Amino acid sequence: MTRVAILQSNYIPWRGFFDLIRKVDHFVLYDTVQFTRRDWRNRNRISTTAGPIWLTIPVESTGKYYQRINETRVADPRWTETHLRSLRHGLGRAPQFKTWLAPRLEDWFGAIRDEKLLSNINRSLIAAVMAELGITTTLHSAQDLPEADGRSEQLLEICKALGTTTYVSGPAARSYLDEGLFQSQGVNVEWMDYPTYPTYRQTNGIHDPAVSILDTLAYLPPEQVF
């Protein structure tokens with residue numbers, strides 16, 4: 001039995017993204033689709049004492065409306081230092097930050113400092129967090145797998161290439177995924193039901209769950225994330 005999930009890469013995504021990854025054998029970063037501005041591909045949120053802030057990777061987008069995620073390039077190479085400063089300022093008082101998260105951030109961001117492609121940046125950070133969470137799921141890039149016309153057809157083609165028996169989908173795909181098509185090819189469709197995750201009190205006195213996994217790891221040890 002082979003379980004597969006397919007999602008567009010996000011910049012240091014929330015913990016639900018990693019929860020989905022750990023529930024499958026193969027996870028495909030679906031970065032052969034169009035890059036969407038003001039979305040999660042190149043930005044995410046962290047908490048601060050003054051409330052949540054966005055961390056955004058500046059990317060080249062002018063005149064590139066139809067570019068794919070895996071074609072999207074960084075516009076300013078200084079973004080890593082800007083984000084590290086924001087993380088130190090916003091999460092520096094969190095209990096896990098100085099002793100656990102800070103040294104790892106230096107390594108993770110150091111490894112991607114000269115990377116130009118957004119998709120490679122996202123994959124590197126996702127893989128680094130997976131390792132810390134003990135997630136051994138195999139990562140793939142959609143560009144290395146077969147393509148097909150049609151949204152459901154493309155996902156099914158990827159599943160077939162990986163010998164999938166169960167495709168685990170995020171809830172957003174309910175509006176378009178053709179379950180009958182998958183079933184006709186012997187692939188069962190299972191929908192991810194995100195649970196209520198453990199809460200923690202952020203420095204602003206509340207718990208905002210719509211934040212990057214880095215926010216979560218600044219407050220909770222890896223074994224308490226899910």
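Exposure proxy ranking for Phe226, Phe35, based on other Cβ atoms within 10 angstrom of each Cβ and starting from the fewest, stands as Phe226, Phe35.
Can you show me the helix-derived [θ] at 222 nm for the chain, built from DSSP H runs with n ≥ 4 at -39,500 (n - 2.57) apiece and divided by the number of residues, rounded to the nearest 500.
-9500 deg cm²/dmol
Quick one: length gained pulling Arg85 to Thr136 fully straight, 0.36 nm per residue minus the C-alpha distance?
Values: separation 51, 0.36 × 51 = 18.36 nm, distance 3.04 nm.
That pair, Arg85 and Thr136, stretches by 15.3 nm at full extension.
Here the label points at Met1 and Thr56, each 7 Å from Cα along the C-beta direction, are separated by 4.4 nm in the simple model.
Shape analysis of the stretch 75-137 places it in the oblate category; the axes a ≥ b ≥ c from the Cα gyration tensor give an a/c of at least 1.5, with a/b not above b/c.
For the stretch 3-224, the Kirkwood estimate of hydrodynamic radius, built from reciprocal distances between every pair of different alpha carbons, is 18.3 Å. Shape verdict for the stretch 5-96, please, from the Cα gyration tensor: rounded (a/c under 1.5), prolate (a/b greater than b/c) or oblate. The shape class here is oblate. Straight-line cross-link reach from Lys64 at under 18 Å between alpha-carbon atoms covers these aspartates and glutamates, not counting any fewer than eight positions away in the same chain: Asp31, Asp39, Asp76.
Here's the list of lysines a cross-link from Lys23 could span, going by alpha-carbon distance under 19 Å and ignoring same-chain residues fewer than 8 apart: Lys160. The protection proxy used here, the mean number of other Cβ atoms lying within 10 Å of each residue, ranks peptides 65-72, 119-126, 187-194, 214-221 as follows, highest first: 214-221, 119-126, 65-72, 187-194. Using Cα pairs closer than 8 Å and at least 6 residues apart in sequence, work out the relative contact order for the chain, in percent. So the answer I get is 31 percent.
In a fully extended conformation the segment linking Arg38 and Gln224 would gain 63.9 nm over its present Cα-Cα distance, using 0.36 nm per residue.
State whether the stretch 102-145 is rounded, prolate or oblate according to the following rule on the C-alpha gyration tensor (a ≥ b ≥ c being the square roots of its eigenvalues): a/c under 1.5 gives rounded; otherwise a/b larger than b/c gives prolate, and the remaining case gives oblate. Judged from the Cα gyration tensor, the stretch 102-145 comes out oblate (a/c at least 1.5, b/c at or above a/b).
Computed about the Cα centre, the dipole magnitude for the stretch 3-224 is approximately 820 debye when only Lys and Arg (+1) and Asp and Glu (-1) carry charge, each at its Cβ.
May I ask you to compute the full-extension gain from Ile206 to Lys23, defined as 0.36 nm times their residue separation minus their alpha-carbon distance, rounded to one decimal in nm? Walk me through the numbers on the way to the answer.
Details: separation 183, 0.36 × 183 = 65.88 nm, distance 2.91 nm.
Fully extending the segment from Ile206 to Lys23 adds 63.0 nm.
Over every Cα atom in the stretch 142-215, the radius of gyration and the widest Cα-Cα span, Dmax, amount to 17.2, 51 Å.
Counting Lys and Arg as +1 and Asp and Glu as -1 over every other residue whose Cβ lies under 15 Å from the Cβ of Ser152, the net charge comes to -3. Per-residue Karplus couplings for the stretch 41-52, computed as 6.51 cos²θ - 1.76 cosθ + 1.60 with θ equal to phi - 60°, are listed in order as 4, 10, 7, 7, 10, 9, 8, 9, 4, 9, x, x Hz, Gly and Pro entered as x. In sequence order, the stretch 124-133 has phi-based couplings of 4, 5, 4, 5, 5, 5, 3, 4, 5, 8 Hz under the Karplus curve 6.51 cos²θ - 1.76 cosθ + 1.60, θ = phi - 60°, and Gly or Pro positions carry x. Projecting the Cα positions of Gly186, His207, Gln143 onto the charge dipole of the stretch 3-224 (unit charges on Cβ atoms of Lys, Arg, Asp and Glu, taken about the Cα centre) puts His207 furthest along the positive direction.
Quick note: the coordinates plus some simple rules give every number you see, no bench work behind them. Everything numeric here is computed off the predicted structure, so don't read it as measured data. Positions of Cβ are backbone-derived with ideal geometry, glycine not excepted, and every protein chain shown enters the neighbour counts.
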